[in-house]
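Visitor: One structure follows; several queries about it will come next.
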Amino acid sequence: MMREYKNKENVQKKSYYTDRYWVAPRVPTFDPATDEEFNSVVASLKGKFSINEAYIQLKHLVIYINPEDNKAVLQYLHEELGYGRLMEMSAIDWLAKSGEFEIFYEMLNVDKAKRIRVKCYIKEDQAIESVQDIFRLANFAEREMFDMFGVKVNNHPFMKRILMPDDWQGYPLRKTYPLQGDEAASWYEVDKIFGKEARDIIGPEIRDSAMIDRYDSERFARLGHEVAFGSDVSEVKTDQGYQEDGGVFLVRKLHKDDTKTITDRDR
Amino acid sequence: MAQHKVNFSENGGLPVALTTVDKLVNWGRSNSLWALTYGLACCGIEMMATGASRYDFDRFGTIFRASPRQAEVMVVAGTLTKKHAEFIRRLYDQMAEPKWVISMGSCANTGGMFNTYATVQGADRVIPVDLYLPGCAPRPETLQYALMMLQKKIRSEKAGKAQRPKRLV
């Protein structure tokens, strides 16, 4: 069973419906000079590193740096400017648009309640320097970034997949990765446990969640009318009780006719 | 006749019960189903509730064990991920014969709402399942019903026979 080949090169460019008059809403951006704190941050960073772009968006300062500077910039923000927390970091897949990953670091200054987002672009096969010896969070976050996007990180002490199994193929959060898994993913457990020979016995995964067939006793059952696996539903008596008709040893069978329904609640 | 002497010949008072070996063995098996603790997700909460005092699995002779060597029924309660699939197979292989599997809840039955790359689409792709228990999550009464149905299934089996090959053996 081979999955039908589909070209996923332009999967992001397609859309089902386009409104000619629809204009994508833009989050307004502001000049960093409008904020006193952010202005001084940008000014002090500009003396040491090259800043490609800087603006304020939703009260965050967003700065774009060169990917080679990432560790030095974060170190500087951490030690000199008081941005002592790395809240989050990960990657964004822009491979279809420009062949690049966007790496972001979300920083927080607790004293001043200010947030900075440091961003940089790297090519698909380009590695980025680890920041895990400055921020402990980066240890797991960089492993997850590697696991989900395939971004390689230099000088990480334990560069290994964190969520998916070690022998997993592909990077699930890339936009070219199908949600229901590629060929390797759909046979992963079968290949690993039983070997590839068992694919024919076990068969492909059934992914159609809307399919219901009450007469298919191999895959469907009705509560109270269960039958043996694969038997013909139309011929056998399907009404099931949890005991045989004669009862079992030490347990008397409950007959519905023998029961008494109490209608008077104040009896 | 002494007061406490049993009169064997009177009104069928023989202290003897006649039965078959099958029935005797299956009576023992079906009333001492020790379950492997296998809560994988939210169904595991319902499984725990079924084992706890209100629903009280102990009265069926079902006691949760932490070791597959001591268990004979595996209640797969929750979402089975592809990463975990090899471990559930290993634990199933470690259980001693005869053994049974209850697949509890939609996720263990078919993958349920997790129609994604990381979820096994039904535990029966990995281990043979005896009972599929629908629900998301099934109520404790439903798990009790499943257990009683499994007891009924065990009573209908031959005791001495080797385990019938199920799917995927």
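The values are calculated or read from the model by the stated rules, or taken from the named source; none is laboratory data. Here the structure is a predicted model, which means the values were calculated and not measured. Reconstructed Cβ throughout: ideal geometry from the backbone, glycine too, with neighbour counts over all protein chains shown.
Visitor: Could you check the stretch A:171-227 and list, in sequence order, the residues that are under 22 Å from the mean Cα position of the chain (by Cα), facing another protein chain (nearest Cβ under 7 Å) and basic (Lys, Arg)?
Guide: Of everything in the stretch A:171-227, just one residue is under 22 Å from the mean Cα position of the chain (by Cα), facing another protein chain (nearest Cβ under 7 Å) and basic (Lys, Arg), namely A:ARG207.
Visitor: Within the stretch B:91-100, does at least one residue satisfy the condition of being free of Cβ contacts under 8 Å to residues at least 24 places away in the same chain and of a type in the set (Asp, Glu)?
Guide: yes
Visitor: Quick check on A:MET87: is it in contact with an Asp or Glu (Cβ under 7 Å, 6 or more places away or on another chain) and outside any helix (DSSP H, G or I)? Talk me through it step by step, then tell me what you get.
Guide: Details: in contact with an Asp or Glu (Cβ under 7 Å, 6 or more places away or on another chain): yes; outside any helix (DSSP H, G or I): yes.
Yes.
Visitor: Right, another one. Within the stretch A:79-99, track down each residue that is free of Cβ contacts under 8 Å to residues at least 60 places away in the same chain and surrounded by fewer than 18 Cβ atoms within 10 Å (Cβ to Cβ).
Guide: A:GLU79, A:GLU80, A:GLY82, A:GLY84, A:ARG85, A:MET87, A:GLU88, A:ILE92, A:TRP94, A:SER98, A:GLY99 - these are the residues of the stretch A:79-99 that are free of Cβ contacts under 8 Å to residues at least 60 places away in the same chain and surrounded by fewer than 18 Cβ atoms within 10 Å (Cβ to Cβ).
Visitor: Report yes if A:ALA141 is within 8 Å of chain B (Cβ to nearest Cβ), of a type in the set (Gly, Ala, Ser) and part of a helix (DSSP H, G or I), otherwise no.
Guide: No: the conditions fail for A:ALA141.
Visitor: Now for a different question. Tell me which residues, restricted to the stretch B:40-96, are touching a Phe, Trp or Tyr at 6+ places or on another chain (Cβ under 9 Å) and polar (S, T, N, Q).
Guide: Residues of the stretch B:40-96 touching a Phe, Trp or Tyr at 6+ places or on another chain (Cβ under 9 Å): B:44, B:47-51, B:57, B:61-65, B:68, B:70-79, B:81-83, B:85, B:88-89, B:91.
The answer is B:THR50, B:THR62, B:GLN70, B:THR79, B:THR81.
Visitor: Continuing with this model, one more query. For the stretch A:45-65, name all the residues that are touching a residue at least 24 places away in the same chain (Cβ under 8 Å) and surrounded by fewer than 14 Cβ atoms within 10 Å (Cβ to Cβ). Quick ask: steps written out before the conclusion?
Guide: Taking the stretch A:45-65 first, the residues touching a residue at least 24 places away in the same chain (Cβ under 8 Å) are A:45, A:48-49, A:55-65.
Answer for the stretch A:45-65, where residues must be touching a residue at least 24 places away in the same chain (Cβ under 8 Å) and surrounded by fewer than 14 Cβ atoms within 10 Å (Cβ to Cβ): A:LYS48, A:GLN57, A:LEU58, A:LYS59.
Visitor: Next question. Does A:MET159 satisfy being away from every other protein chain (no Cβ under 13 Å) and either modelled with pLDDT of 90 or more or touching a Pro at 6+ places or on another chain (Cβ under 7 Å) (or both)?
Guide: Numbers: away from every other protein chain (no Cβ under 13 Å): yes; either modelled with pLDDT of 90 or more or touching a Pro at 6+ places or on another chain (Cβ under 7 Å) (or both): yes.
The answer is yes for A:MET159.
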